[in-house]
Amino acid sequence: MGSEDCIYNFLPGMLVYVKDVTKIWEDGVVTSVSKNKCTVAVTNKKETKEYLVNDILPRSEQCLQTVQSLTDLSPINQASVLCCLEERFADGQFYTNAGSTIVAVNPFRSVDHLYTLETVLAYHRHHEDVPHIYKVGNEAYTRLCRELGHINQCIIVSGESGSGKTVSAKHLLRYMTVVSNSLIDEKFKPRAKVCESIEQKILDSNPILEAFGNAVTQRNDNSSRFGKFIQLQFSRGGDMMGAEIKTYLLEKTRVVHQLQGEANFHIFYQIMESVCQSGDTVLGKLVQDMGKDTFKVLPVGKDIATNRDLQETLKAMTQIGIPETMQGEITKVLVAILFLCNVEIKPLEDELCQLLQEQEDRFLDTGFVDLEGASGMTETSLQQAGDLLGLQSSHMEQVLLYRHIESGGNKRRSVFVKPVPQREAYSRRDCLATVLYSRLFDWLVGFINTQIHGSGYDHTIGLLDIYGFEAFERNSLEQLCINYANEKLQQHYVKHFLKDLQKEYEEECIDWQHLTYNDNQPCLDILEGQPSVFGLLNEDVQLNRKTDTVHLCDRILQLSQTSSSYIKRPKNYMKIAGFTVSHYAGDVTYTGDGLSTKNRDNIPQELISMLRGSKNKFVSDLFNDFVTEEQQPGRTSKRKTVLGKFKTSLDSLMSSLQASDVHYIRCIKPNTHSVPHKFDRRYVMAQLTASGIIETVKISCLGYPVRIKYPMFLQRYGLLIRNARTPPQSETENTCDTDTLYDPLDALYRKQLDMVSVDSPKKRNNTPKRRLRRRAGLSSADHTRRCSAAVLTLQFGNCKGLTKQFGRSKLFLHQHQVDSLEKTRYDIISSKAAMIQGLWRRYIKCCRAKRQHQAASVIQSAWRKYRQHKHSTAVLKIQKTFRMYFARKRLRKIVATMKERKQKKEKTSWKPILDMRRTSPGTGRLSRSSERSDTSLDRSLEPECSSSNSNTSSPSVSKSETNVHSFTISTPRKSPKWRRSDRLNNKQNKNKENNVIIRANPKGRPDMSKYSPVKLLRSYSKLSATKRSNSSVAMDTGSEGHTHEDPDVSPRKKQKMADSSVQGAFHLQNGILTRRCIPKV
């Protein structure tokens, strides 16, 4: 902007900003305008003063507190941006949009109300537009779920040390874990519990890494002394599967050396506070006796109460999965490092030294200190360190004061032991402490990664929290690496937002006015190019010789011949050799002393061998797989340096960033004293200028933040054409006018082709060209452009105002246009999804109704079959019952009839044979025959009834005894219960088969209750048959047996009686034994 144009722009009464020494810019009002000057009435100073036109900037009439985006400022300049941030900071609004970047000002006070769970859900579900870091997180998460652009996302949190990067990264991590878990439905509770476990472990890793990697510096009370890149792993559905943490360049030298006003890592103070409180233990008593101020590596600087709680760190370790025994081993290593750093060494000769003995004075930085009351401090410290590490103090002393020199080959190797000077002995002590701490830190990071690493993930979102730009009074290799990393990130930001964006506008033939910006590529070239600062430092290490600091710095300063503005000679170069580098954030002077030594990072092999042989298993495991530079197999003459390793890891990080969609959060530190409610304009303005935020705002305001190729645009938003109610129409006509719609677009496309042909001259080609004829109709490129124009016309109306956004191969859109297209697309997809859901529900309902109908038919058929079967069964049962009833009725009649016949027949055919007392009517013949039958039966039963009745003529036998075997006709007892015991009957039948004992009742008849009537009848029949057969045999032979013949019976009667005994049958009824005569056939 020329001076004359500025004069015409300024008019009396116009609101302006004028330059000021203290406040950078002051508010004022133009009172008069001259040729090259303007008279301005300064508002706050209440004075009128003339200012040059170049020192005046126009001021907006907006209320800056309500401006949420710096792109809404009118006009946009550094003064309006600075004042807007200051007024929002005073109003308690610490986040402001700057195009696609968020500017975050550190409040230096607790603002927990900005990070509640309700706020997280509001930005995730309701898409709040108020500036916040959650807005950047939601945009990254949404693009990952929608798979827009590069699917993998990355959020870079950058800024100076103390600007709030660590806190911002912590809140972003919490936001990602919450929103990824909020998508899980209630029915996936097991999966939700797994996600919650992973997310909780990721959150628990923060306190551990902060305790072991953060420290108090001159600029920040919780400064990250390492770079951290957290790669969150997600599935395609947006569920968090795990994470991976990568670290860069831990400042391990802080363990043994701290600058004035700085402190060691937080974990050492936490351990010391805990040990001092536990006075019951031996270690606690020892520390209390020694005093915690005696530890040299724990300087008491600022009284910081935060980050001193060991219980919080131990709780996080427990939740992450570190057992208590392992926590105890970690504590031992940390305390051993503190004791090790208290070991003092005194010189004896030039190349000889020894440990400081008792009752000797030692010279420290503060002067001579008497050891009275603390005698044997060195020996005690060495002994305690050895006990905690599982090493012998004598072995440790040997390794610290002597070095081993190997010579010869593999077959014949010699080892020489040589004492070392005091400086190298201290270097070995510090190397032992730093390598212990660095290996412990790497082990913690590796253990955390094993606990939170996910498998089967698809996409990632990276959170980069790297140390900020640093410039101290004394800067060494650590600050050089840190500032180099910030230069690389700044170059990526400049290249991504400023350089590539403007180049893309020019290549796509978009109307664009080129903007100037601060490009830090020359600074990177002087640091890592050829020749460069890194190259000279690495070369000094490769030469493997004693470093000449002055000569090294002179060689570095010679680089200024090519780029004099980026390498300068410091003012106190004669006192302290060094060089000054002009970084994007300011000039930093680096001291040459110690640069080459730190870059070499030489670790003596004796230290590693001693630690591997430790009796403490945890310490030995830390160094089992540790390989020094000398032990690497196949090592070439070129050894690796700290700068080389750091540059390799940083290049890998930049490759990951280039393959992702990057989102930036610029953290601003409002003042150098880290106090709340103070806004230092000069300090903030330097940060805004160095980070390029003002140029970013201008480009974001004038440019187009979204660039989409035509096929991708049509693929994503082409559904607007298919779902349009009416075809695209012109505003002036009711019918579709293709000329009005597409002619300006075709004219612009031809103009762009002509511009490309002019910019790129044709190469001469001797090959004869063949004239190609264009096919009738439109080409694919013309078709996609016209379809894209139709989409924009449907969405925004007239397409004439949008023709400037059409490039040769891409479509350039503002953010509000993309939001409008996304909303329309979402509505269409939602309506189609609702339609699909309705049809699907209808289909499911029809299928369910069909299945229910089929099931009902089957049930009805089965029920009918069951009822019919049950009815048929009942009918058959009833029929059977009736048949059985009638059959039984007929049977009863038949039985009754047969019984009557039988009774009639029995009256005529049965004769009583066993009743001696009965006097039945009839002829005397019948009575005599019955008497003879009874007499013969009595004789047959006589030997079996009783053995005592063999002598019947004994005079002592009573009348009742003589009639024991006689029968009576008196009525037996009612219904005798025959005892049927098969086992008893079988046993009796086997033992006494032919011997039946019949006891007589008192009345003179046998007791038949114990015998079966059938068996009894058989026995009677058998006995009778035996009697008859014996009598017949006796009569035939006349030699064997004795027959009891009745002399009154004739032979004819005897023959009849024998026949009747054979052919007859016995019958027992009502106590009367009868015999039925069966007639001969």
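The values are calculated or read from the model by the stated rules, or taken from the named source; none is laboratory data. What you see is a predicted model, and the numbers here were worked out from it, not measured in a lab. All Cβ positions, glycine included, derive from the backbone under ideal geometry; neighbour counts span all protein chains shown. Surface areas here come from the heavy atoms of the whole protein model, side chains and all, with no ligands, DNA or RNA. Shrake-Rupley method; radii C 1.70, N 1.55, O 1.52, S 1.80 Å.
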Selected residue (criterion: most open to solvent (accessible area, probe 1.4 Å)) from residues of the range 712-725 that are out of contact with any helix residue (DSSP H, G or I) (no Cβ under 6 Å at 6 or more places or on another chain) and in contact (Cβ under 8 Å) with a residue 40 or more places away in the chain: Arg716
Scope the range 405-449; condition of a type in the set (A, V, I, L, M) and without any contact (Cβ under 8 Å) to a residue 24 or more places away in the chain; matching residues: Ile405, Val415, Val417
Residue identified as on the phi > 0 side of the Ramachandran plot and either modelled with pLDDT under 90 or over 54 Å from the mean Cα position of the chain (by Cα) (or both) among Gly390, Gly373: Gly373
Looking only at the range 647-678, and only at residues there that are polar (S, T, N, Q) and in contact with a strand residue (DSSP E or B) (Cβ under 9 Å, 6 or more places away or on another chain), the one that is nearest to Arg219 (Cα to Cα): Ser649
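Let's see how each residue does on (1) small (Gly, Ala, Ser); (2) without any contact (Cβ under 8 Å) to a residue 60 or more places away in the chain; (3) over 29 Å from Leu813 (Cα atoms); (4) surrounded by 13 or more Cβ atoms within 10 Å (Cβ to Cβ):
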{"residue": "Val16", "(1), (2), (3), (4)": "no, yes, yes, yes"}
{"residue": "Ala79", "(1), (2), (3), (4)": "yes, no, no, yes"}
{"residue": "Leu85", "(1), (2), (3), (4)": "no, no, no, yes"}
{"residue": "Phe89", "(1), (2), (3), (4)": "no, no, yes, yes"}
{"residue": "Thr96", "(1), (2), (3), (4)": "no, yes, no, yes"}
{"residue": "Val105", "(1), (2), (3), (4)": "no, no, yes, yes"}
Search result, residues across the range 556-590 that are assigned to a strand (DSSP E or B), under 13 Å from Ile526 (Cα atoms) and polar (S, T, N, Q): Thr580, Ser582
Within the range 23-34, tally of residues that are touching a residue at least 40 places away in the same chain (Cβ under 8 Å) and open to solvent by 60 Å² or more (accessible area, probe 1.4 Å): 1
Candidates Ile828, Ile836, Ile844 - the one that is free of Cβ contacts under 8 Å to residues at least 12 places away in the same chain, open to solvent by less than 70 Å² (accessible area, probe 1.4 Å) and closer than 30 Å to Leu720 by Cα: Ile844
Long-range neighbours under 6 Å by Cβ, at least six apart or interchain, first residue of a type outside the set (S, T, N, Q) within the range 610-629, second open to solvent by 10 Å² or more (accessible area, probe 1.4 Å) and in a loop (DSSP other than H, G, I, E, B): Lys615/Gly390; Val619/Gly390; Glu629/Arg639
Total residues in the range 110-134, condition open to solvent by less than 90 Å² (accessible area, probe 1.4 Å), more than 13 Å from Asn97 (Cβ to Cβ) and outside any helix (DSSP H, G or I): 3
Conditions (1) farther than 17 Å from His814 by Cβ; (2) at pLDDT 85 or above; (3) of a type in the set (Ser, Thr, Tyr); (4) surrounded by 21 or more Cβ atoms within 10 Å (Cβ to Cβ); number of the one not met by Tyr683: (4)
Inter-residue pairs, beta-carbon under 8 Å, first touching a residue at least 24 places away in the same chain (Cβ under 8 Å) and farther than 18 Å from Leu611 by Cβ and in the range 377-390, second of a type in the set (D, E, K, R) and not in a helix (DSSP H, G or I), 6+ apart: Met377/Glu344; Thr378/Glu344; Glu379/Glu358
Lone unmet requirement of (1) part of a helix (DSSP H, G or I); (2) open to solvent by 60 Å² or more (accessible area, probe 1.4 Å); (3) under 27 Å from Ser565 (Cα atoms) for Leu524: (2)
Scan of the range 786-809 for residues that are surrounded by 15 or more Cβ atoms within 10 Å (Cβ to Cβ), within 29 Å of Glu128 (Cα to Cα) and not polar (S, T, N, Q), ordered by number: Val791, Leu792, Leu794, Leu802
Sole exception among (1) part of a helix (DSSP H, G or I); (2) modelled with pLDDT of 90 or more; (3) out of contact with any Lys or Arg (no Cβ under 9 Å at 6 or more places or on another chain) for Ser620, by number: (3)
Qualifying residue in the range 59-73 (condition: open to solvent by 80 Å² or more (accessible area, probe 1.4 Å), touching a residue at least 24 places away in the same chain (Cβ under 8 Å) and not in a helix (DSSP H, G or I)): yes
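Name every residue in the range 502-534 that is under 18 Å from Thr580 (Cα atoms) and within 44 Å of the chain's Cα centre (by Cα), in order of residue number.
Scanning the range 502-534 gives Asn520, Gln521, Cys523, Leu524, Asp525, Leu527, Glu528, Gly529, Phe534.
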Wholly within the range 402-518, helices (runs of 4 or more DSSP H) carrying at least 3 residues that are closer than 24 Å to Leu250 by Cβ, of a type outside the set (S, T, N, Q) and open to solvent by less than 10 Å² (accessible area, probe 1.4 Å): 422-452, 477-493
Total residues in the range 657-680, condition in a helix (DSSP H, G or I) and open to solvent by less than 40 Å² (accessible area, probe 1.4 Å): 1
